[in-house]
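Enquirer: Here it is, the structure, as structure tokens.
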Amino acid sequence: MKRVLVTGASGFVGKRLCEHLENRGYDVARVVRRADNAKNNTYSVGNIGPDTHWEAIVTDVDVVVHLAARVHVMDDNTAEPLAEYRRVNVNGTEKLALAAAGAGVRRFIYVSTIKVNGEATFGQPFFATDTPHPVDDYARSKLEAELSLQRIAADRGFEVVIVRPPLVYGPGVKANFLRLFNWVGRGVPFPFLSIANSRSLVALDNLVDLLTLCVTHPQAAGKVLLVSDDEDVSTAELIRRIASHMGKRARMVAIPVNILQGVARLFGKQAVIERLTGSLQVDISDTKEALNWRPPVTLDDALGETVTWYQSQQ
């Protein structure tokens, strides 16, 4: 039985991943931030950074799945945001990786972000082989962590797998995706009828399935893997599907994108409108071919499960 250490184990992805791994017979050790989340085989480490002590935690671990991170913050008021991202996402990851390598951990799976590739696509999807083009401090820190892990792997001789997901959704989702559900549920009219964008998403269960496969698959070693549901949708179509699962009619009006962008600038919400009206597509053909993997859950089924969860919370 392999022992798998999962950081960020109390988070949105971490909870489901730990359950999935245990259901498949893995011995799972959880790393969480706060002691009140601690239970057997769980380690509370506080805020991860360059001073975190990992040596006792990584002993007898075969594989690390590193989910914990300082995530993207829309309105970051930190005096030096990049330095803070680096402290957690770069220095904290390096400290864990070095301890893991020293303890004989065989494989280190790092969950990065598609934002390493860039913020938007224009007619051609992102590929794992693209030259990285991070735009914000969060994405820059994730790329720096990727590069550092690859250097440590080369020096210490352990295997690194990097997974770059786009927006992850599913039961328990928060932030903007949850707000979208709230707006659809309230019958808010959306100004996206004329927007013909295309975006890749990944269902929580699809991401978890791929991460579980990466624990053992020999072809995953050394790879940068993109992941999605392998079905892209426009913002308008996404809203229609959510509304359909809710048993509601999607209310949509057509407003030109330049007007939406102008209004967004007035309220400092340019980034939100860019995501809602722009495209971000990923090509996962390399992932499918290398690992002989297909997303087990369709986008529509995953949206239906998420709606069922959402309605149970109301």
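The values are calculated or read from the model by the stated rules, or taken from the named source; none is laboratory data. Quantities reported herein were computed from a predicted structural model and do not represent experimental measurements. Positions of Cβ are backbone-derived with ideal geometry, glycine not excepted, and every protein chain shown enters the neighbour counts. Surface accessibility is based on the protein's heavy atoms, side chains included, excluding ligands, DNA and RNA. Shrake-Rupley method; radii C 1.70, N 1.55, O 1.52, S 1.80 Å.
Enquirer: Scan the stretch 137-152 for residues that are closer than 20 Å to Leu226 by Cβ, open to solvent by 30 Å² or more (accessible area, probe 1.4 Å) and not aliphatic (A, V, I, L, M) and jot them down.
Expert: Answer for the stretch 137-152, where residues must be closer than 20 Å to Leu226 by Cβ, open to solvent by 30 Å² or more (accessible area, probe 1.4 Å) and not aliphatic (A, V, I, L, M): Arg140, Glu144, Gln150.
Enquirer: Suppose the filter is under 19 Å from Ser285 (Cα atoms) and free of Cβ contacts under 8 Å to residues at least 12 places away in the same chain; does Thr121 pass it?
Expert: Spelling it out, it is not the case that Thr121 is under 19 Å from Ser285 (Cα atoms) and free of Cβ contacts under 8 Å to residues at least 12 places away in the same chain.
Enquirer: In the stretch 11-37, which residues are at pLDDT below 95 and open to solvent by 50 Å² or more (accessible area, probe 1.4 Å)?
Expert: Matches in the stretch 11-37: Arg33, Arg34, Ala35, Asp36, Asn37.
Enquirer: Okay, moving on. For residues in the stretch 113-136 being crowded, with 18+ Cβ neighbours inside 10 Å and of a type in the set (Ser, Thr, Tyr), which is farthest from Asn89 (Cα to Cα)?
Expert: The selected residue is Thr121.
Enquirer: Only one of these conditions is not met by Thr306: (1) touching a Ser or Thr at 6+ places or on another chain (Cβ under 8 Å); (2) under 30 Å from Ala128 (Cβ atoms); (3) surrounded by 18 or more Cβ atoms within 10 Å (Cβ to Cβ). Which number is it?
Expert: Result: Thr306 passes all but (1).
Enquirer: Can you name the residue in the stretch 77-112 that is without any contact (Cβ under 8 Å) to a residue 40 or more places away in the chain and not charged (D, E, K, R) and, of all such residues, is most open to solvent (accessible area, probe 1.4 Å)?
Expert: The extreme case among them is Asn77.
Enquirer: A further question follows. Considering only the stretch 55-137, give the helices (runs of 4 or more DSSP H) lying wholly within it that have at least 1 residues that are modelled with pLDDT of 95 or more and closer than 30 Å to Glu289 by Cα. Working first, answer last.
Expert: Numbers: elements: 55-58, 81-85, 93-102.
Because the criterion is at least 1 residues that are modelled with pLDDT of 95 or more and closer than 30 Å to Glu289 by Cα, the helices (runs of 4 or more DSSP H) in the stretch 55-137 that meet it are 93-102.
Enquirer: Can you name every residue in the stretch 267-301 that is surrounded by 17 or more Cβ atoms within 10 Å (Cβ to Cβ) and of a type in the set (A, V, I, L, M, F, W, C)?
Expert: Ile273, Leu276, Leu280, Val282, Ile284, Leu291, Trp293, Val297, Leu299
Enquirer: Check Thr235, Thr212 and return the single one that is among the polar types (S, T, N, Q) and over 24 Å from Glu119 (Cα atoms). It would help to see each step written out before you state the result.
Expert: On the way: Thr235 fails: over 24 Å from Glu119 (Cα atoms).
Answer to the selection: Thr212.
Results for (1) touching a helix residue (DSSP H, G or I) at 6+ places or on another chain (Cβ under 6 Å); (2) of a type in the set (A, V, I, L, M, F, W, C); (3) part of a helix (DSSP H, G or I), shown as yes or no for each residue.
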site	(1), (2), (3)
Ala243	yes, yes, yes
Ala250	yes, yes, no
Asn258	no, no, yes
Ile273	yes, yes, yes
Ala290	yes, yes, yes
Pro295	yes, no, no
Ala302	no, yes, yes
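Enquirer: Let me ask something else about it. Taking the criterion of being touching a residue at least 12 places away in the same chain (Cβ under 8 Å), under 21 Å from Asn182 (Cα atoms) and of a type in the set (Ser, Thr, Tyr), would at least one residue in the stretch 271-279 satisfy it?
Expert: yes
Enquirer: Next question, about the same structure. Answer yes if at least one residue in the stretch 198-205 is closer than 30 Å to Phe158 by Cβ, within 15 Å of the chain's Cα centre (by Cα) and part of a helix (DSSP H, G or I), and no otherwise.
Expert: Taking every residue of the stretch 198-205 in turn, at least one turns out to be closer than 30 Å to Phe158 by Cβ, within 15 Å of the chain's Cα centre (by Cα) and part of a helix (DSSP H, G or I).
Enquirer: Restricting attention to the stretch 153-184, which residues are closer than 24 Å to Gln311 by Cα, assigned to a helix (DSSP H, G or I) and open to solvent by 30 Å² or more (accessible area, probe 1.4 Å)?
Expert: Ala175, Asn176, Leu178, Arg179, Asn182, Trp183
Enquirer: Looking at the stretch 209-241 only, could you name the residues that are surrounded by 19 or more Cβ atoms within 10 Å (Cβ to Cβ), of a type in the set (S, T, N, Q) and not in a helix (DSSP H, G or I)?
Expert: Of everything in the stretch 209-241, just one residue is surrounded by 19 or more Cβ atoms within 10 Å (Cβ to Cβ), of a type in the set (S, T, N, Q) and not in a helix (DSSP H, G or I), namely Ser228.
Enquirer: Pick from the stretch 185-204 the residues that are open to solvent by 10 Å² or more (accessible area, probe 1.4 Å) and among the β-branched types (Val, Ile, Thr): which of them is farthest from Ser112 (Cα to Cα)?
Expert: Per the stated criteria, the residue is Val188.
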